[in-house]
Amino acid sequence: MRLLVLGSGAREHALVARLAAERDVGEIVAAPGNPGIARLARTLAIDLSDPDAVRALAEREQIDFTIAGPEVPLAAGVADRFHDDGRLLLGPTKAATRLESSKAFAKAFMARHGVPTARFRVCESLDVALDTVRRGEFGLPVVLKADGLAAGKGVVIAADRAAAERAITDAMRERKFGAAGDRIVIEECLSGPEVSFFALCDGVRAVPIGTAQDHKRIFDDDLGPNTGGMGAFAPSPLVGAALDARVMREIVDPVMAGMAEEGCPFRGFLFVGLMLTAGGPKVIEFNVRLGDPETQVVLPLIEEPLLPLLVAAALGSLTASAVRLGTDRLAGVVVASRGYPEASESGQTIAGIDHAEAMQGVAVYHAGTALRDGRLVTAGGRVLTVVGRGATFGEAITRAYAGVGQVSFEGMHYRRDIGRQALRSES
Ligand code: AMP
Ligand code: GLY
């Protein structure tokens, strides 16, 4: 089977690395890919937000099966275009992508189908939003979210009314997030640990494929601004079999049934961002794709061949009710450029990746890297994910940091506390 993987991050590198090792996988094409992926697949430039360009590439390369990594091509309608042509692709249609691309849709959908989430109000105008905050409907702190895709920057947790009003005017009057902030969701602030829960979905059925915990803030001890994710560990020690079953029963299954009932069945990876509150697991957000860096630590735990599962999901014929997961522990440390997440430096020479990769239980996945005159250089905020694997979190974390210790570039930054919470589950 000839595969096309869309995307260019460490998530896609991990997907390609996994698939390249499997039976029945012929050539893999990655678009646009990155230098790490290029060692395993042929990489081709593409504009992922252009469905016609993606379709033309798949046709030209005689691709049998396409996997969408990021949400951008899905929100642009790549899945719809492929379905029109009878081309096999794993990823939701544009309508089903609204679970991620419109927080207003996701919240209203959850309310319609009884999926547990924070109490909320969708505000279409500045006046209604300001009034909602002034009336103190959701107390303080209060959470404000731009409706549309805002690259992870559209959420503000306001400690007081002035901060809430500022966030509202930034989004709705100053249009800080462009059209993404024309509607906002105001919701109650929940508390509890956060878990990333992943399910593979075929439009009707869904099967859990693993859990992880992400570290979103840039600095140790969860300080500084939010990022795409500075590290992750898997599985989440907070999710045992009972909670896993509860999340499927109370959240994932109702989402599958509700989306089908509303005429937009969900096919692809469903990423449920959960908060484990005193009142049970509640949905903070949905993503219609795998997480980054979660994928880098979740995929290696799947013990069965991945390709047949993904193809079955895309065809609407998943039969497995469970996927066999291994008992190892994984920790992934993101190595970032100076300036991330605001303004990242680029062009610094990267050394030592081959030494890291030669270590037992260590894998390195590329994200913001580029080749310049034969040298590997940084090319973006998150540069690499270095993953350690072991029998315990202690071992996995030690291996990940031993790998990071081999890598160097000017201005490199990483958190030193990835997985620290997981260690507590072992002591
Ligand atoms: P989101 O982009 O919706 O995942 O939000 C980004 C982050 O904001 C989440 O990972 C949470 O840490 C936090 N957050 C979002 N919604 C809430 C909420 N209702 N209560 C508390 N924290 C929240
Ligand atoms: N790590 C969070 C995400 O992929 O959205």
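Table: residues versus (1) more than 15 Å from ligand 1 (Cβ to nearest atom); (2) part of a helix (DSSP H, G or I).
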site: Ala104; (1), (2): no, yes
site: Val128; (1), (2): yes, yes
site: Phe138; (1), (2): no, no
site: Gly152; (1), (2): no, no
site: Ala162; (1), (2): yes, yes
site: Ala180; (1), (2): no, yes
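Scanning segment 251-283 for residues that are away from ligand 2 (no atom under 16 Å from the Cβ), outside any loop (DSSP other than H, G, I, E, B) and closer than 30 Å to Phe219 by Cα yields a total of 5. The strands (runs of 3 or more DSSP E) found entirely in segment 210-250 that carry 3 or more residues being more than 14 Å from ligand 2 (Cβ to nearest atom) are 223-226.
Across segment 379-427, the qualifying residues are those that are touching a helix residue (DSSP H, G or I) at 6+ places or on another chain (Cβ under 6 Å) and in a strand (DSSP E or B), and the one among them that is surrounded by the fewest Cβ atoms within 10 Å (Cβ to Cβ) is Gly390. Could you check, for segment 90-102, whether at least one of its residues is farther than 28 Å from Leu243 by Cβ, within 16 Å of ligand 1 (Cβ to nearest atom) and aliphatic (A, V, I, L, M)? Taking every residue of segment 90-102 in turn, none turns out to be farther than 28 Å from Leu243 by Cβ, within 16 Å of ligand 1 (Cβ to nearest atom) and aliphatic (A, V, I, L, M).
Note on segment 340-364: residues that are within 22 Å of the chain's Cα centre (by Cα) and farther than 15 Å from Arg399 by Cβ total 5. Considering segment 291-304, and only residues there that are in a loop (DSSP other than H, G, I, E, B) and open to solvent by 10 Å² or more (accessible area, probe 1.4 Å), the residue that is nearest to ligand 2 (Cβ to nearest atom) turns out to be Asp292.
Only residues that are part of a loop (DSSP other than H, G, I, E, B), modelled with pLDDT of 95 or more and open to solvent by 10 Å² or more (accessible area, probe 1.4 Å) were counted across segment 305-333, and they come to 8. Restricting attention to segment 182-227, the residues that are crowded, with 19+ Cβ neighbours inside 10 Å, within 10 Å of ligand 1 (Cβ to nearest atom) and closer than 16 Å to Asn287 by Cα add up to 2. Residues in segment 192-209 that are more than 30 Å from Gly380 (Cα to Cα) and either within 14 Å of ligand 2 (Cβ to nearest atom) or assigned to a strand (DSSP E or B) (or both): Cys201, Asp202, Ala206, Val207, Pro208.
The values are calculated or read from the model by the stated rules, or taken from the named source; none is laboratory data. Keep in mind that what you see is a predicted model, and the values were worked out from it rather than measured. Methodologically, a virtual Cβ is constructed for each residue, glycine included, from the backbone with ideal geometry; neighbour enumeration extends over all protein chains shown. Note: accessible area is taken over every heavy atom of the protein model, side chains too, but ligands, DNA and RNA are not part of it. Shrake-Rupley method; radii C 1.70, N 1.55, O 1.52, S 1.80 Å.
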